[in-house]
Amino acid sequence: MKTVIIIPARLQSSRFPCKPLARATGKTLVQHVYETARESKLADGVFVASGDLDIVREVDAFGGRSIFIAGEHPSGTSRVAAAAKYLSRVGTLRGRLLSPESVVVNLQVDEPLVPVEHIDTLIRRLWGHKAGQPGIATLAATHGPDGWERDPNTVGVAIGSSGLASHFTRKPYPFALPHLGIYAYRKSALEEIAALKPSESSIVESLEQLTWLENKIPVAVYTVPEFPLSINTKQDYAKFVEISGVGQAQPC
């Protein structure tokens, strides 16, 4: 089974501009996430996909593997899909070409503290899906930080009795669990969702997952016990720096 982890990264973010290159800990945020991903025992390679040359240069400088994604991309999923297409032509770190059945993990720069066990759990879960089963899987936590339901930066996911996502939202929602910013896709499913036109609700909530659900594309959700700190704002990054025990949060 060919599996890669792709970290989409961009400099322009309304909530935290230049986030991937924030380096108050002595390492950039993108390096922290990359190093977490490299601990995976199941991935054939880890790559950062970006259309920003400053990010590409940073990844190359710390010894990571980058893929420059030219052109406009409306979402991280679009960047991951473009990078996967590139890897289907040139191969992974171990020289393997991606096929439609390969697994592609989308790990966001927001998640430097996600345990690598969570990543490998998600990969194993999708590996276990047979033909005709969901080609997309993600994670939610059984418990979140106090008040997460009222934080628009923390997305909630409602899970149906079949274990599939029934709704994603940034608003308080009955029985929703806090969603982690990590997905695993079959490459064929990734190509399908990347080609979809964004739905009105996905634009309003800035949640591309709503487009998938409205197009009847199933998303399997698996739960983990802990919800790691996600870096959405400068305030979140300051907490991350405090946890790391070095320096003070400064803009990149």
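Brief remarks follow.
- Residue tally, condition farther than 15 Å from Val4 by Cβ, outside any strand (DSSP E or B) and out of contact with any Lys or Arg (no Cβ under 9 Å at 6 or more places or on another chain), over the range 59-86: 9
- Where helices (runs of 4 or more DSSP H) fall entirely within the range 184-252, those with at least 3 residues that are of a type in the set (A, V, I, L, M, F, W, C) and either at pLDDT 90 or above or within 20 Å of Arg124 (Cα to Cα) (or both) are at 187-194, 209-214, 234-244.
- Among the residues making up the range 11-26, those that are buried (at least 16 other Cβ atoms within 10 Å of the Cβ) and either in a loop (DSSP other than H, G, I, E, B) or free of Cβ contacts under 8 Å to residues at least 12 places away in the same chain (or both) are Leu11, Phe16, Cys18, Ala22, Arg23, Ala24, Thr25.
- Among the residues of the range 46-68, those identified as closer than 14 Å to Leu29 by Cα and of a type in the set (Val, Ile, Thr) are Val48, Ile55, Val56, Val59.
- Test: residue in the range 27-37 that is out of contact with any His (no Cβ under 9 Å at 6 or more places or on another chain), assigned to a loop (DSSP other than H, G, I, E, B), in contact (Cβ under 8 Å) with a residue 24 or more places away in the chain and surrounded by fewer than 15 Cβ atoms within 10 Å (Cβ to Cβ): no
- Cβ pairs under 7 Å, 6+ apart, first in the range 225-252 and on the phi > 0 side of the Ramachandran plot, second among the polar types (S, T, N, Q) and modelled with pLDDT of 90 or more: Gly247/Thr25
- Residue check: Pro115 meets all listed conditions (1) closer than 20 Å to Leu213 by Cα; (2) in contact (Cβ under 8 Å) with a residue 40 or more places away in the chain but one, namely (1).
- Tabulated pairs, the range 53-79, first within 20 Å of Lys187 (Cβ to Cβ), second among the basic types (Lys, Arg) and part of a helix (DSSP H, G or I), C-beta under 6 angstrom, 6+ apart or interchain: Ile69/Arg79; His73/Arg79
- Glu200 vs. criteria acidic (Asp, Glu), free of Cβ contacts under 8 Å to residues at least 40 places away in the same chain and more than 16 Å from Ala141 (Cβ to Cβ): yes
The values are calculated or read from the model by the stated rules, or taken from the named source; none is laboratory data. The structure displayed is predicted, hence computed values, not measured ones. Every residue, glycine among them, receives a Cβ derived from its backbone with ideal geometry; neighbour counts consider all protein chains shown.
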